[in-house]
Amino acid sequence: MKRNVDALTDGPFDLIVLGGGITGAGVALDATLRGLRVALIDKGDFASGTSSISSKLVHGGLRYLEHADIPLVYEALHERALLLSNAPHLVHPLRFVLPFYRGGRVPAWRWRAGLTLYDLLAGSGNIRRSRPLGRACLAREFPGLRAESLTGGAEYYDAQMDDARLCIEVVKTAAEHGSCVANYVEAVDFARQSGLITGVRAIDHVTGRQLVIEARQVLNATGPWVDAVCRLAGDEGGPRLRPTKGVHLVAPGRGLTSAFLLLHPRDGRVFFVIPWLGKTLVGTTDTEHHTPPDDVRATPDDLRYLLEGHNHYFSPPLSERDLLGHFVGLRPLLRARPAEPSSLSREFRLFWSPSGLLSVAGGKYTTYRHMAEVITDAVVRRLGVRRHSHTRRQRLDGAPDEPWPAFRDRTIASLKKAGLSAEAAWHLVHRYGRRALEVAAYIERNAALARPAHPDEPDLCAEFLYQRDHEMALFPADFLLRRTRIGLFHPDRLAVSAPSPAS
């Protein structure tokens, strides 16, 4: 994947996608596979917004059953199965434990009924059936779990991902099939003819160059910035979104062998404690946010709320001093049920502006592929062509053609034979899939690149050069927050320059 801004001005496109998050990336891939000529731009880096600050879960959404949102859960569970197949190096099964406490907001029988329905809705794509866990079993496996009022629990399975890397891999797959993609290119206005949008006027923030990108259709897939782009297009309709703020804490690894779904003691909201990449995530908050998306910040109250939830269930307790950091972002949720932010719809809608701009609002990361299919269906109808989606079985760029377990074991063995440690080999294969050997080729040319990029992390220096050459990483945050996660775990490193494109 190479950054070629000149190609953006090379004649009209069938579709310009504004926004390089998971929704825009998914549409770019779907539309390109249907034979459309597609451009994808983002004013920042790919996945630099909501798509890199999720809970890292590919899940059906067990909590949505409480609101009887059965169609959404069914769809998400089946999309989960497709992602496990199409991106096995980035999406893997994750065990969850759900402890039951006497007097809890949701009684144990109701959780059990929900888990039974969850298993049934997953059908043949179910990872493993849920099962009950006794109080003694929980105490043995999780001695730090609060025992007071504990009556038992249950386990079930969902899946986990690296959200930023998954989004970037969708972009890479689109580019491999012909999409013209560029980060740090911002649409600052629209080109028009007879009142209808015929493209965008953009600026390349890397060079300062101004350009016009022509297209038969423009899609606004900018997540929390959707309403701002609609206003730029002259759309006088009311706001489509009521964004909510989600904050996650990053703590050192707590030795957990499972993720936990828990109810916060203050308000009964669902939150998670999740092992991820050797660390522990605690999240998330869900509060309304009224300032511009670029100004979203975690407050001391947000951090205290999450620490309170964690410490209610686990010992030893966490304090702010124990944290490695935190991350915060906005969910671009549709406006709905004004009194309850947590109940805002995770569905999505399409909106046509009088100018011809198509905008998408809402949605859920797990269902991005199906969202992209529906959105692209609307685009091809508008363009007057009949082409069907091919993404259900489209493996992402790093996914091998052979079964994942056989590929994983064979490639790890090959990398170890080439001199890499078992940890480094495992890390490369689970981050890059079949591209792991391409990263290792940098080490073959320069053995010094096998050294760790950070002494406490498995990332290798060779990865920075691969990300520069093949993943369009330009600035330190691109390397450290999205293509690796070193910056999440060691925020001080963000002040240290990663390799520049010229190095």
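The values are calculated or read from the model by the stated rules, or taken from the named source; none is laboratory data. In this text, all values refer to a predicted model and were calculated from it rather than measured experimentally. Neighbour counts run over all protein chains shown; Cβ positions are idealised from the backbone, glycine included.
Quick grid of which residues meet (1) in contact with a strand residue (DSSP E or B) (Cβ under 7 Å, 6 or more places away or on another chain); (2) in the same structural domain as Leu277 (by TED's automatic domain parsing); (3) over 30 Å from Thr391 (Cα atoms):
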position	(1), (2), (3)
Val170	no, no, no
Ala175	yes, no, no
Glu186	yes, no, no
Arg201	yes, no, yes
His205	yes, no, yes
Glu214	yes, no, no
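Given the criterion surrounded by fewer than 24 Cβ atoms within 10 Å (Cβ to Cβ) and under 27 Å from the mean Cα position of the chain (by Cα), identify the matching residue among Val212, Val185, Val206, Val171.
Details: Val212 fails: under 27 Å from the mean Cα position of the chain (by Cα); Val185 fails: surrounded by fewer than 24 Cβ atoms within 10 Å (Cβ to Cβ); Val171 fails: surrounded by fewer than 24 Cβ atoms within 10 Å (Cβ to Cβ).
Just one listed residue meets the conditions, Val206.
Can you name the number of the only condition in (1) of a type outside the set (S, T, N, Q); (2) within 19 Å of the chain's Cα centre (by Cα); (3) under 30 Å from Arg435 (Cα atoms) that Trp225 fails?
Among (1) of a type outside the set (S, T, N, Q); (2) within 19 Å of the chain's Cα centre (by Cα); (3) under 30 Å from Arg435 (Cα atoms), the lone unmet condition for Trp225 is (3).
Any idea which of (1) surrounded by fewer than 19 Cβ atoms within 10 Å (Cβ to Cβ); (2) in contact with a strand residue (DSSP E or B) (Cβ under 9 Å, 6 or more places away or on another chain); (3) more than 25 Å from Gly309 (Cα to Cα) is the one Asp42 doesn't satisfy?
(1)
Residues that are farther than 30 Å from His59 by Cα and free of Cβ contacts under 8 Å to residues at least 60 places away in the same chain, at least 2 per element: which strands (runs of 3 or more DSSP E) completely within segment 164-279 meet that? Don't jump to the end; show me each part of the working.
Details: elements: 180-182, 185-193, 196-204, 210-220, 244-252, 259-263, 270-276.
Those strands (runs of 3 or more DSSP E) span 185-193, 196-204.
Any idea which residue in segment 102-140 is nearest to Leu428 (Cα to Cα), counting only those that are aromatic (Phe, Trp, Tyr) and crowded, with 19+ Cβ neighbours inside 10 Å? Walk me through it before giving the result.
From segment 102-140, those aromatic (Phe, Trp, Tyr) are 109, 111, 118; that's our starting set.
With crowded, with 19+ Cβ neighbours inside 10 Å added as a condition, the list becomes 111, 118.
Working: Trp111: 38, Tyr118: 33 Å.
Across segment 102-140, the extreme among qualifying residues is Tyr118.
Does segment 294-311 hold any residues that are surrounded by fewer than 15 Cβ atoms within 10 Å (Cβ to Cβ) and within 30 Å of Pro143 (Cβ to Cβ), and which are they? Let's see the steps before the verdict.
Going through segment 294-311, the residues surrounded by fewer than 15 Cβ atoms within 10 Å (Cβ to Cβ) turn out to be 294-295, 297, 299-301, 304, 308.
Once the filter is applied, which keeps residues that are surrounded by fewer than 15 Cβ atoms within 10 Å (Cβ to Cβ) and within 30 Å of Pro143 (Cβ to Cβ), segment 294-311 yields Arg304, Glu308.
Tell me the residue from Gln394, Gln467 that is surrounded by fewer than 21 Cβ atoms within 10 Å (Cβ to Cβ), modelled with pLDDT of 95 or more and under 20 Å from Met161 (Cβ atoms), please. I'd like the intermediate steps shown before the answer.
On the way: Gln467 fails: surrounded by fewer than 21 Cβ atoms within 10 Å (Cβ to Cβ).
Exactly one of Gln394, Gln467 is surrounded by fewer than 21 Cβ atoms within 10 Å (Cβ to Cβ), modelled with pLDDT of 95 or more and under 20 Å from Met161 (Cβ atoms), namely Gln394.
May I ask you to verify whether Leu138 is more than 30 Å from Arg485 (Cα to Cα), among the hydrophobic types (A, V, I, L, M, F, W, C) and out of contact with any strand residue (DSSP E or B) (no Cβ under 9 Å at 6 or more places or on another chain)?
Criteria not met by Leu138.
The rows are residues; the columns are (1) surrounded by fewer than 19 Cβ atoms within 10 Å (Cβ to Cβ); (2) under 30 Å from Val218 (Cα atoms); (3) touching a helix residue (DSSP H, G or I) at 6+ places or on another chain (Cβ under 6 Å).
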residue: Ala233; (1), (2), (3): no, yes, no
residue: Lys245; (1), (2), (3): no, yes, no
residue: Leu249; (1), (2), (3): no, no, yes
residue: Gly253; (1), (2), (3): yes, no, no
residue: Arg266; (1), (2), (3): yes, no, no
residue: Phe272; (1), (2), (3): no, no, no
residue: Pro275; (1), (2), (3): no, no, no
residue: Gly278; (1), (2), (3): yes, no, no
residue: Leu281; (1), (2), (3): no, no, no
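Would you check if Arg408 is basic (Lys, Arg), assigned to a helix (DSSP H, G or I) and under 24 Å from Ile168 (Cα atoms)? Even if it seems obvious, please write down each step before you answer.
Numbers: basic (Lys, Arg): yes; assigned to a helix (DSSP H, G or I): yes; under 24 Å from Ile168 (Cα atoms): yes.
Spelling it out, Arg408 is indeed basic (Lys, Arg), assigned to a helix (DSSP H, G or I) and under 24 Å from Ile168 (Cα atoms).
What pairs come out if I take residues in segment 1-21 that are under 23 Å from Gln467 (Cα atoms) and pair them with residues that are among the basic types (Lys, Arg) whose C-beta lies under 6 Å away, six or more apart or interchain?
Note: pairs meeting the criteria are Met1/Lys172.
Given the options Ala440, Ala450, Ala462, Ala413, name the one that is buried (at least 19 other Cβ atoms within 10 Å of the Cβ) and farther than 29 Å from Asp204 by Cβ.
Numbers: Ala450 fails: buried (at least 19 other Cβ atoms within 10 Å of the Cβ); Ala462 fails: farther than 29 Å from Asp204 by Cβ; Ala413 fails: buried (at least 19 other Cβ atoms within 10 Å of the Cβ).
The match here is Ala440.
What residue, of Gly60, Gly24, is under 28 Å from Val181 (Cα atoms) and surrounded by 24 or more Cβ atoms within 10 Å (Cβ to Cβ)? Show your work before the answer.
Working: Gly60 fails: under 28 Å from Val181 (Cα atoms).
One residue alone meets the criteria, Gly24.
For Ala147, state whether it is without any contact (Cβ under 8 Å) to a residue 24 or more places away in the chain, within 19 Å of Arg95 (Cα to Cα) and over 28 Å from the mean Cα position of the chain (by Cα).
On the way: without any contact (Cβ under 8 Å) to a residue 24 or more places away in the chain: yes; within 19 Å of Arg95 (Cα to Cα): no; over 28 Å from the mean Cα position of the chain (by Cα): yes.
Considered against the rule, which asks whether it is without any contact (Cβ under 8 Å) to a residue 24 or more places away in the chain, within 19 Å of Arg95 (Cα to Cα) and over 28 Å from the mean Cα position of the chain (by Cα), Ala147 comes out as no.
Please determine, by comparing only the residues of segment 154-168 that are small (Gly, Ala, Ser) and surrounded by fewer than 23 Cβ atoms within 10 Å (Cβ to Cβ), which one is farthest from the chain's Cα centre (by Cα).
Looking only at segment 154-168, we keep the residues that are small (Gly, Ala, Ser), and these are 154, 159, 164.
Next cut, surrounded by fewer than 23 Cβ atoms within 10 Å (Cβ to Cβ) only: 154, 159.
Working: Ala154: 27, Ala159: 12 Å.
Out of the qualifying residues, it is Ala154.
In segment 63-98, which residue that is free of Cβ contacts under 8 Å to residues at least 60 places away in the same chain and surrounded by 23 or more Cβ atoms within 10 Å (Cβ to Cβ) is nearest to Met161 (Cα to Cα)?
Leu77
Every residue in segment 416-457 that is outside any helix (DSSP H, G or I), touching a helix residue (DSSP H, G or I) at 6+ places or on another chain (Cβ under 7 Å) and not hydrophobic (A, V, I, L, M, F, W, C), please.
The initial filter retains those residues of segment 416-457 that are outside any helix (DSSP H, G or I), namely 418-421, 446, 451-457.
Okay, now just the ones that are also touching a helix residue (DSSP H, G or I) at 6+ places or on another chain (Cβ under 7 Å), so 418, 420, 451, 453-454, 457.
Matches in segment 416-457: Arg451, His454, Glu457.
Which residues, counting only those in segment 472-485, are surrounded by fewer than 22 Cβ atoms within 10 Å (Cβ to Cβ) and in contact with a helix residue (DSSP H, G or I) (Cβ under 7 Å, 6 or more places away or on another chain)?
Pro476, Ala477
Does Ala418 qualify as being outside the structural domain of Leu36 (by TED's automatic domain parsing), at pLDDT below 95 and loosely packed, with under 15 Cβ neighbours inside 10 Å?
Details: outside the structural domain of Leu36 (by TED's automatic domain parsing): yes; at pLDDT below 95: yes; loosely packed, with under 15 Cβ neighbours inside 10 Å: yes.
Considered against the rule, which asks whether it is outside the structural domain of Leu36 (by TED's automatic domain parsing), at pLDDT below 95 and loosely packed, with under 15 Cβ neighbours inside 10 Å, Ala418 comes out as yes.
Given the residues Thr366, Thr391, which is the only one that is polar (S, T, N, Q) and assigned to a helix (DSSP H, G or I)? Steps first, answer last, please.
Working: Thr391 fails: assigned to a helix (DSSP H, G or I).
One residue alone meets the criteria, Thr366.
Do we find a residue being farther than 18 Å from Met161 by Cα and hydroxyl-bearing (Ser, Thr, Tyr) anywhere in segment 479-492?
Scanning segment 479-492, I find no residue that is farther than 18 Å from Met161 by Cα and hydroxyl-bearing (Ser, Thr, Tyr), so the answer is no.
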